[in-house]
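The values are calculated or read from the model by the stated rules, or taken from the named source; none is laboratory data. Because the structure is a prediction, the values reported are computed rather than measured. For neighbour counting, all protein chains shown are included, and Cβ atoms are generated from backbone atoms with ideal geometry for every residue, glycine included. The area values use the complete protein model at the heavy-atom level, side chains included, leaving out ligands, DNA and RNA. Shrake-Rupley method; radii C 1.70, N 1.55, O 1.52, S 1.80 Å.
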Amino acid sequence: MAVASSASPVLAGSDAVRAWQEDLYRDLHRNPELSHQERRTAGKVAERLRADGLDVREGVGGTGVVGVLRNGDGPTVLLRADMDALPVREATGLDYASTATATDGDGNEVPVAHACGHDVHVTCLLGAASLLAAATDHWNGSLVALFQPAEETSGGARGMVDDGLADLIPEPDVALAQHVLAAPAGQVGTRSGPVFTTADSMRITLHGKGGHGSMPQAAVDPVVLAAMIVVRLQTVVSRVTPPGETAVLTVGSIQAGTKSNVIPDSAVLRLNLRCYSERTRSDILEAVRRIVTAECQASRCPKEPEFELFDRFPLTANDPDATDRVARAFAGAFGDRAVTLPEQTASEDFSDIPAALGVPYTYWGLGGTDADLYRRAEEAGRVAQDVPVNHSPAFAPVVQPTLETGTAALVVAALAWLAR
């Protein structure tokens, strides 16, 4: 991959990095770990960072790793990668596919897979740190390579901050990160302003009155109540959210009852909502509570419903100046493969780190889908059907040029501040 930019001297060592990167990526993919369980991954990360001469701190926020490389006076750039995998059974058919299982936080044995591409993020950041460490004649300042646990459960970034991250690193001038997406491999996409949505998961417990299925008049049926609530919640986005404002509300789980002729005492709904503004977030949460409470009253429930918010993610809104600087660097390095990233309705906790440190940030997208596959699907109007997306059991970025592009993108972006 030709990169015509000031990063070229640093990227001259890419072949040497590639020699170990591909093996490491396959190893991480084959051995995924759930949130807050990334001990093997963290060990691999720390070992590689030390081999490249970085000062390393392990166990930050539980299993997080931070490496610092000081190279004279100049700006400090923080590069971040997340490390955790998902409770998903992989169905890629790859010869390095995961067959791992683990015990989750609720004590359940679950399959585990890197179905979101965090193994790509780790491998690319290790490669970028290695390249920068080998080419210190071409830049000045400090590099912070931050490997974060538990992005999938939203607490990892905040956990590192609460564990004293600010005292462990030089004060950054900017924070940078990327995410591999279902887009053509070799592309990088930037976007100023809101780019990844907020996210809130909510557990709603509905209290009915149990009874025999033959005598529903003596019961308060929480199954029917749950069904009515699900239908009514479909109107929130269309009737609460202003036209043109993006929001998504999904009811992902309904649990109630044990037998066909027994009306249960309760039902539990789990839902997820995403939006691009705090005002819309607040309005939707209020609407959900209002609708659920009203439906419970209409069904004469014996107790008020219970609401529990969890797995909450902040809005990712890229700083305009930082984004412009990275976009210009990408245009020089990648040419027409540097594109504008569409708004994403996925969510991230990365912004908790720069927010706590008080520094600007930008977060870009990295293509990971075979470019020919994506082109054929696009021409046939079947991208949604034929291109596996993040969190799908079939999601697995192509090894190259994904790793090469992701590594170069981190180097190019960092050198937009650090280059001599």
task = Towards the positive end of the charge dipole of region 198-312, with charges on Cβ (+1 Lys, Arg; -1 Asp, Glu), say which of Ala219, Val288, Met202 has the farthest Cα.
result = Ala219
remark   = Carbon/sulfur accessible area of region 26-75, % of total, 1.4 Å probe, equals 40
request  = Measure nothing but the geometry: give the 0 to 90° angle between the long axis through the Cα atoms of 39-51 and the longest principal axis through the Cα atoms of the chain, rounded to 10°.
outcome  = 10
request  = Please give every one of the lysines within straight-line cross-link reach of Lys209, meaning a C-alpha to C-alpha distance under 29 Å, and leave out same-chain neighbours fewer than 8 residues apart.
outcome  = Lys259, Lys303
ask   = To the nearest 0.05, how large is the calculated FRET efficiency for Asp324 and Glu286 if R₀ is 35 Å and r is the Cβ-Cβ distance?
value = 0.45
Relative contact order, percent, the chain [alpha-carbon distance under 8 Å, six or more residues apart] = 25
ask   = Counting each DSSP H run of 4 or more residues in the chain as -39500 (n - 2.57), what helix-only mean residue ellipticity at 222 nm follows after dividing by all residues, to the nearest 500 deg cm²/dmol?
value = -10500 deg cm²/dmol
note = Rounded to 0.05, the calculated FRET efficiency for the beta carbons of Asp370 and His391 at R₀ = 22 Å is 0.75
remark   = For the chain, cysteines with no other Cys Cβ under 4.7 Å from their own Cβ are listed as Cys116, Cys124, Cys275
message = Can you give me the accessible area per residue for region 198-312, using a 1.4 Å probe, in Å²?
response = 53
remark   = Taking the square root of 5λ for each eigenvalue of the C-alpha gyration tensor of the chain, the equivalent ellipsoid has semi-axes, largest first and in whole angstrom, of 43, 22, 21
ask   = What is the log10 of I(q)/I(0) for region 150-251, computed with the Debye formula using one identical point scatterer on each Cα and no solvent, at q = 0.19 Å⁻¹?
value = -1.16
remark   = Restricting to Cα pairs under 8 Å and 6 or more apart, the percent relative contact order of region 148-279 works out to 29
message = Principal axis extents for region 198-312, Cα atoms only, whole Å, descending order, please.
response = 47, 25, 21
query = What is the Cα convex hull volume of region 6-91 when expressed per residue in Å³?
reply = 134
task = Using a 1.4 Å probe and ignoring any ligands, DNA or RNA, find the accessible area of Thr235 and quote it in Å² to the nearest 10.
result = 50
request  = Quick one: dipole size for region 198-312, taken about the Cα centre, charges +1 on Lys/Arg Cβ and -1 on Asp/Glu Cβ, in debye to the nearest 20.
outcome  = 140
ask   = Which whole number in µm²/s is D for region 82-169 by Stokes-Einstein, with the Kirkwood Rh taken over Cα pairs at 25 °C and 0.890 mPa s?
value = 159
task = Would you mind telling me the share, in percent, of accessible area of region 198-312 contributed by carbon and sulfur at probe 1.4 angstrom?
result = 52
remark   = The alpha-carbon pair-distance distribution computed for region 264-377, with 10 angstrom bins and whole-percent values, is 10, 28, 25, 19, 12, 5, 1
